[in-house]
Amino acid sequence: MKIVADRDVCIGAGLCVGTSDTVFDQDDDGIVVVLVEDPEGADADLAREAVSLCPSSALRIVD
Amino acid sequence: MTQAPPELPLHMRRDHFDPVAELAEVRESEGVRRVTSTFGMPAWLVARHDDVRDVLADATRFSNASQLAFSLPDDPRSAEEKRKALAGQMLATDPPDHTRLRRFLTPEFTVRRMRRLEPRIVEIVDQHLDAMEAAGSPADLVPSFALPIPSLVICELLGVPYADRDEFQHRTARQLDLSIPMPERIALQREGRAYMEKLVAGAKADPGEDMLGMLVREHGADGLSTAEAQDGAAEITDDELAGLASLLLVAGHETTSNMLGLGTLALLRHPDQLALVRDDPDAIVPAVEELMRWLSIVHTGVARTTTQDVEIAGQHIPKGELVLCALPSANRDPSFIDDPDTLDVRRGSMGHIAFGHGVHHCLGAPLARMEMRIAFPALLKRFPDLASALPFDEIPFRAYHFIYGLHSLPVTW
């Protein structure tokens, strides 16, 4: 699995960072940064949860 | 002369903590029902979790800006004044205008920024608990704890003098109260606007370290008109700055404070769960999410307007109609969560939509979460014998307010 973030539509809500701060971060402007593009194990589960929570649909999973 | 308060629209009706049975009936039957909106206009009420999430996620077909086409009854303002009053009001914009405005503020609400605020919030909570303890039992939890903590936090963050609190706390509470006649609410909105314009002028003359000062330093513009700004300018106009700051001041007052008051009462009514939040440091994170879900204090976000013909839950809705999302109903949808009417702080997670969803998802959510995660356990630890001083049926709920809560909560300890 690969996590892809669309930084143009991100609204900086931070739910992804709140879900996993090992997989996701926010830059100084609050916009998402993917730290681990291909998370595994428990991180992969958290990444999937973050994708489903993202309010602006800025995150998606590419297989 | 007093006027009888208007009949509450269906989406605002509650039985203490719970949405009324009729709302659940809409959700369990057709899912979408023709209702009368808060301002007496016809609207479609969407009651199921998945449908509400779909509507909120789709800013293209469900517009926040188009509501401006509807004029409110008894509104004496000129078109020019309304345009000025709407500058910077993110909740009345769609992308890309919304994206431009929101991005001025996202740096201020990152998870990292919130962590830096944490020690100051702990200090503010402790000061208010000290004052309550010094004054002694009994006390009204709303003016001594639930309201002043988020009020002081948002004031310091924004750069609004807390010394003016009596003035703006009164104003923010009444502005969103449906039982107050519309002309008075508009007058309060005008006063609030004038107050904020004065603060913006002060911040421009001498920008401080607060959010207003930051916005002036990084994005301040002289002589830029709002029309030019809406073409995607990196600068923010004075009108927009006053609008953004007004929105944050109201939002910072009317949300977390009601969660702190109503949430404390909910815990007092569930003593085993209260004990868990008080005694187990790991309990508070899920507890805040479950309290948010179960209480869903925002009845509905801003009404959306359909920009084209749509279908929701099999119901055809033509272009140009109002759509309201019933957040308490959605958060108690059995297809979203088992046993939805039960409060169980152990199971809380972030999948609820009490903060909304889509591009208008609550900007202040990370701040609200942090305030609640600090304030609830601190209150319960300081006063382990906290109890309501009134029988449950005598506690005054804020039925007519756009955001649900308690007028007061007398407590003993």
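Quick note: the coordinates plus some simple rules give every number you see, no bench work behind them. Here the structure is a predicted model, which means the values were calculated and not measured. Positions of Cβ are backbone-derived with ideal geometry, glycine not excepted, and every protein chain shown enters the neighbour counts.
Dividing the helix sum by the residues of the protein assembly as shown, where each DSSP H run of 4 or more adds -39500 (n - 2.57), gives a mean residue ellipticity at 222 nm of -13500 deg cm²/dmol. Ranking of B:His299, B:His219 by neighbouring Cβ atoms within 10 Å, starting from the fewest: B:His219, B:His299.
Here the protein assembly as shown is treated as a Stokes sphere of Kirkwood radius computed over C-alpha pairs; at 37 °C and 0.692 mPa s its diffusion coefficient rounds to 142 µm²/s. For B:Lys204, which lysines qualify as cross-link partners when the Cα separation must be under 23 Å and same-chain residues fewer than eight apart are set aside? Counting by Cα, and skipping residues close in sequence, B:Lys204 has these lysines nearby: B:Lys84. More than 20 Å apart: what percent of Cα pairs in the stretch A:2-62 qualify? Considering the stretch A:2-62, 10 percent of its Cα-Cα pairs are separated by more than 20 Å.
Amide hydrogen proximity for B:Leu406: with H placed 1.01 Å from N in the peptide plane, the residues at 5 or more positions away or on another chain lying under 5 Å are B:Leu262, B:Arg398. Obtain the nm distance between the two label points defined at B:Asp280 and A:Arg48 by a simple spin-label model: each point lies 7 Å from its Cα along the Cα-to-C-beta direction. Result for the modelled spin labels: 2.6 nm. Per-residue 3J(HN,Hα) values for the stretch A:30-41, derived from phi via the Karplus relation 6.51 cos²θ - 1.76 cosθ + 1.60 with θ = phi - 60°, read x, 8, 4, 10, 8, 7, 10, 6, 10, x, 10, x Hz in sequence order (x marks Gly and Pro).
In sequence order, the stretch B:324-332 has phi-based couplings of 10, 9, 7, 5, x, 5, 4, 6, 10 Hz under the Karplus curve 6.51 cos²θ - 1.76 cosθ + 1.60, θ = phi - 60°, and Gly or Pro positions carry x. Relative contact order of the stretch A:2-62: 45 percent, from C-alpha pairs under 8 Å at least 6 residues apart in sequence. Put a dot 7 Å past the Cα of B:Glu81, heading toward its Cβ, do the same for B:Asp393, and the two dots end up 4.6 nm apart. Taking all C-alpha pairs of chain B, those more than 41 Å from each other amount to 12 percent. Would you please calculate the Kirkwood hydrodynamic radius of the stretch B:347-413 over all C-alpha pairs and express it in Å, rounded to one decimal? Computed over Cα pairs of the stretch B:347-413, the Kirkwood hydrodynamic radius comes out at 14.7 Å.
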